[in-house]
Amino acid sequence: MKTVKTVTGRTDHVVVVGAGLAGLSCALHLLGAGRRVTVLERGTQPGGRAGVLRSGGYRIDTGPTVLTMPDLLDEALAAGGSSLRERLDLVRLDPAYRAEFADGTAIDVHSDPDRMEAQIRSVAGPAEAAGYRRLRSWLEKVYRAQMHSFIDANFDSPLGLLGADLARLAALGGFGRLGPRIGSFLHDDRLRRIFSFQSLYAGVAPARALAAYAVIAYMDTVAGVWFPRGGMHAVPRALASAAAQAGAGLRYGRAVVSLERGPSGRVVAVRTADGGRTPCDAVVITADLPAAHRLLGRRPRRAVPLRWSPSAFLLHLGTDRRWDRLTHHTLSFGAAWESTFTELTRSGRVMSDPSLLVTNPTATDPALAPPGRHLHHVLAPCPNLQTGPIDWARTAPAYRDSLLRELERRGLEGLGDAVVFERVVTPADWLAQGHGAGTPFSAAHTLAQTGPFRPRNLVPGEENVVLAGCGTTPGVGVPTVLVSGKLAAARITGGTRATGARTLPGDAGRGVRSGARP
């Protein structure tokens, strides 16, 4: 097993800056290794990006709505002496998604291979169903080749990539392009979209993304999609509760403003806006990269400037009705495809023919809204503020109206009139929260920002500072952010990352249920 660099000197007491998913995962892994941990969070509750808005009887998840690979949660909880079964009630969503297309057809996406093959056979024929089986086998191989050596791994240089798994991934075509690779298995354009749109999570169009990012499609369409009762914010609440029980000091309302250094330059304490000073032996910073660099007082040198992922325009809607055509997650694809990505990543314009993710969490947990009310989250990918410096204060109302009209045209009749509560979130809001270029998805996963080329979690020139979160190793998304916390902890404890994630077997003994509707 490879040896990686770690923090030097004493590491008895670690301060973690930020109680988001990365910070809480890191805290639990540090506690499991016998460290004393203090978590400083600027907000009044845990969660970070995975926050919650409570208003008018609604509990609205303000961050991610898709949960995959819950074994990574179990791993973090186990490090703190707890378990997924004790802390969370997960429901396996079936279908994981419903995909609706401009031609009026719809395809339900099942993680069960037999059900998915039958679905594809019914809408696209036997040849495409056979192609799906070959694709599924390839996705599983891509996952096995990557998880242990590339995702769940720390890197000190590109040489850390070398090994048998690199050869396997290359043989699988992982360094080709995602779109064409998916197209080698499936010819139906609808199916190609279902198994390649996930690259947008990584900030890259399918035609340009590495085929290795099919691992995200594996997580969604093979390993399955889950939902915690109580909403996605139940995840950081569970992690925070477990960390506190294991001995972590969780201090909310403590915005970190500076790092105090000793004569050698080593960080010896963390200072907060309220005048507080917390001594430490090491510090883990989980803020987005611009905020992390401000705390460090410098930005590590890079040969290529950071490129940011597209952002998101988000509508949180409380309605007095629901639509049976919507499952928990519904992908509403426009007719356009390649031009959509050009608008998002190059032209800097909102999508002229939008593809949208509509999440209806009250389909699974009605308690998230007042009686007789329903929640709908509408996510429209949009350019970040660097690619498209849009004046959102001026354009947001009209764009909101255009999205509602488009969804009504696509079958959600009466949506506009059904809205009784709403919140609008734009890239300007993400920027105000400290996210680089106004995107919650941080640095894009281009080739120059992937694996050992991504901003490293062990900061060059720093003796005892480690980064965690979606801007560093391994990257964006709930599963990878949880891994980033574990990898940051390993940089301090000198341990190696664990055996890697496994797909959840779904046994009821671990608190997991099936079915998208109660």
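Against the condition over 28 Å from Leu482 (Cα atoms) and either open to solvent by 40 Å² or more (accessible area, probe 1.4 Å) or touching a residue at least 60 places away in the same chain (Cβ under 8 Å) (or both), how does Ala167 come out, does it pass?
On the way: over 28 Å from Leu482 (Cα atoms): no; either open to solvent by 40 Å² or more (accessible area, probe 1.4 Å) or touching a residue at least 60 places away in the same chain (Cβ under 8 Å) (or both): yes.
So Ala167 fails the test.
Considering only region 340-447, give the strands (runs of 3 or more DSSP E) lying wholly within it that have at least 2 residues that are of a type in the set (D, E, K, R).
On the way: elements: 356-359, 374-382, 419-425.
In region 340-447, 419-425 are the strands (runs of 3 or more DSSP E) which contain 2 or more residues that are of a type in the set (D, E, K, R).
Residues in region 277-308 that are small (Gly, Ala, Ser), modelled with pLDDT under 95 and touching a strand residue (DSSP E or B) at 6+ places or on another chain (Cβ under 7 Å): how many?
0
Could you please let me know if Arg394 is touching an Asp or Glu at 6+ places or on another chain (Cβ under 6 Å) and open to solvent by 10 Å² or more (accessible area, probe 1.4 Å)? Reasoning before the result, please.
Details: touching an Asp or Glu at 6+ places or on another chain (Cβ under 6 Å): no; open to solvent by 10 Å² or more (accessible area, probe 1.4 Å): yes.
Against the criterion (touching an Asp or Glu at 6+ places or on another chain (Cβ under 6 Å) and open to solvent by 10 Å² or more (accessible area, probe 1.4 Å)), Arg394 does not qualify.
Take Arg193 and decide whether it is under 22 Å from Ser311 (Cα atoms) and either assigned to a helix (DSSP H, G or I) or not polar (S, T, N, Q) (or both). Quick ask: steps written out before the conclusion?
On the way: under 22 Å from Ser311 (Cα atoms): yes; either assigned to a helix (DSSP H, G or I) or not polar (S, T, N, Q) (or both): yes.
It is true that Arg193 is under 22 Å from Ser311 (Cα atoms) and either assigned to a helix (DSSP H, G or I) or not polar (S, T, N, Q) (or both).
Based on what the data block shows, is Arg302 open to solvent by 40 Å² or more (accessible area, probe 1.4 Å), over 23 Å from Gly9 (Cα atoms) and under 19 Å from the mean Cα position of the chain (by Cα)? Spell out how you get there, then give the answer.
Details: open to solvent by 40 Å² or more (accessible area, probe 1.4 Å): yes; over 23 Å from Gly9 (Cα atoms): yes; under 19 Å from the mean Cα position of the chain (by Cα): no.
Answer is no for this residue.
In region 211-237, how many are part of a loop (DSSP other than H, G, I, E, B), open to solvent by less than 10 Å² (accessible area, probe 1.4 Å) and small (Gly, Ala, Ser)?
2
Residue by residue through region 329-387, note down the ones that are among the charged types (D, E, K, R) and either buried (at least 22 other Cβ atoms within 10 Å of the Cβ) or at pLDDT 95 or above (or both).
Step one: list which residues in region 329-387 are among the charged types (D, E, K, R), which gives 338, 343, 346, 349, 353, 365, 373.
If the condition is that a residue be among the charged types (D, E, K, R) and either buried (at least 22 other Cβ atoms within 10 Å of the Cβ) or at pLDDT 95 or above (or both), then Glu343, Arg349, Asp353, Asp365, Arg373 are the ones that fit.
(1) part of a loop (DSSP other than H, G, I, E, B); (2) small (Gly, Ala, Ser); (3) over 12 Å from the mean Cα position of the chain (by Cα); (4) surrounded by 24 or more Cβ atoms within 10 Å (Cβ to Cβ): which one isn't true of Gly485, the others all being true?
Going through (1) part of a loop (DSSP other than H, G, I, E, B); (2) small (Gly, Ala, Ser); (3) over 12 Å from the mean Cα position of the chain (by Cα); (4) surrounded by 24 or more Cβ atoms within 10 Å (Cβ to Cβ) one by one, Gly485 breaks only (1).
Assess whether Arg208 counts as being outside any helix (DSSP H, G or I), closer than 27 Å to Asp108 by Cα, touching a residue at least 24 places away in the same chain (Cβ under 8 Å) and open to solvent by 20 Å² or more (accessible area, probe 1.4 Å). It would help to see each step written out before you state the result.
On the way: outside any helix (DSSP H, G or I): yes; closer than 27 Å to Asp108 by Cα: yes; touching a residue at least 24 places away in the same chain (Cβ under 8 Å): yes; open to solvent by 20 Å² or more (accessible area, probe 1.4 Å): yes.
Yes; evaluated as a whole, the condition is true for this residue.
For region 1-24, name all the residues that are touching an Asp or Glu at 6+ places or on another chain (Cβ under 9 Å), among the small types (Gly, Ala, Ser) and surrounded by 13 or more Cβ atoms within 10 Å (Cβ to Cβ).
Gly18, Ala19, Gly20, Gly23
Might you let me know whether region 416-433 holds any residue that is touching an Asp or Glu at 6+ places or on another chain (Cβ under 7 Å) and surrounded by fewer than 18 Cβ atoms within 10 Å (Cβ to Cβ)? Reasoning before the result, please.
Within region 416-433, the first condition is being touching an Asp or Glu at 6+ places or on another chain (Cβ under 7 Å), and the residues that meet it are 416, 418, 420.
Still in the running and surrounded by fewer than 18 Cβ atoms within 10 Å (Cβ to Cβ): 416, 420.
Yes, that holds for at least one residue.
Quickly run through region 185-204 and pick out the residues that are open to solvent by less than 10 Å² (accessible area, probe 1.4 Å), in contact with a Gly (Cβ under 9 Å, 6 or more places away or on another chain) and of a type in the set (A, V, I, L, M, F, W, C).
Passing the criteria: Leu186, Leu191, Ala202.
Check region 113-128 and report whether any residue there is closer than 20 Å to Ala212 by Cβ, surrounded by 14 or more Cβ atoms within 10 Å (Cβ to Cβ) and touching a strand residue (DSSP E or B) at 6+ places or on another chain (Cβ under 8 Å).
Narrowing region 113-128 to residues closer than 20 Å to Ala212 by Cβ: none.
Scanning region 113-128 turns up no residue that is closer than 20 Å to Ala212 by Cβ, surrounded by 14 or more Cβ atoms within 10 Å (Cβ to Cβ) and touching a strand residue (DSSP E or B) at 6+ places or on another chain (Cβ under 8 Å).
Just wondering, is there one or more residues in region 136-150 that are closer than 29 Å to Val481 by Cβ, open to solvent by 30 Å² or more (accessible area, probe 1.4 Å), more than 22 Å from the chain's Cα centre (by Cα) and without any contact (Cβ under 8 Å) to a residue 12 or more places away in the chain?
yes
Scan region 404-431 and report the pairs whose first residue is within 18 Å of Thr319 (Cα to Cα) and whose second residue is of a type in the set (Phe, Trp, Tyr), with Cβ atoms within less than 7 Å and a gap of 6+ or a chain change.
Leu412/Trp323; Phe421/Tyr58
What is the one condition in (1) over 23 Å from Pro279 (Cβ atoms); (2) not basic (Lys, Arg); (3) not in a loop (DSSP other than H, G, I, E, B) that Thr3 does not satisfy?
(3)
Quick one: which residue in Asp94, Asp108, Asp74, Asp103 is touching a Pro at 6+ places or on another chain (Cβ under 7 Å) and either acidic (Asp, Glu) or free of Cβ contacts under 8 Å to residues at least 24 places away in the same chain (or both)?
Asp108
Taking the condition of being at pLDDT below 90 and farther than 22 Å from Asp108 by Cα, how many residues in region 167-204 meet it?
Residues flagged as at pLDDT below 90 and farther than 22 Å from Asp108 by Cα within region 167-204 amount to 3.
What residue, among those in region 65-94 that are in contact with an Asp or Glu (Cβ under 7 Å, 6 or more places away or on another chain) and crowded, with 20+ Cβ neighbours inside 10 Å, is nearest to Leu482 (Cα to Cα)?
Of region 65-94, the ones in contact with an Asp or Glu (Cβ under 7 Å, 6 or more places away or on another chain) are 68, 83-84.
Narrowing the set further to residues that are crowded, with 20+ Cβ neighbours inside 10 Å leaves 68, 84.
Working: Thr68: 11, Leu84: 14 Å.
Selected residue: Thr68.
Check Arg54, Arg35, Arg59, Arg42 and return the single one that is within 20 Å of Leu487 (Cβ to Cβ), among the charged types (D, E, K, R) and either without any contact (Cβ under 8 Å) to a residue 60 or more places away in the chain or open to solvent by 10 Å² or more (accessible area, probe 1.4 Å) (or both).
Values: Arg54 fails: within 20 Å of Leu487 (Cβ to Cβ); Arg59 fails: within 20 Å of Leu487 (Cβ to Cβ); Arg42 fails: within 20 Å of Leu487 (Cβ to Cβ).
Checking each option against the conditions leaves just Arg35.
The values are calculated or read from the model by the stated rules, or taken from the named source; none is laboratory data. Values in this document were obtained by computation on a predicted structure and should not be read as measured data. Neighbour counts run over all protein chains shown; Cβ positions are idealised from the backbone, glycine included. Surface areas here come from the heavy atoms of the whole protein model, side chains and all, with no ligands, DNA or RNA. Shrake-Rupley method; radii C 1.70, N 1.55, O 1.52, S 1.80 Å.
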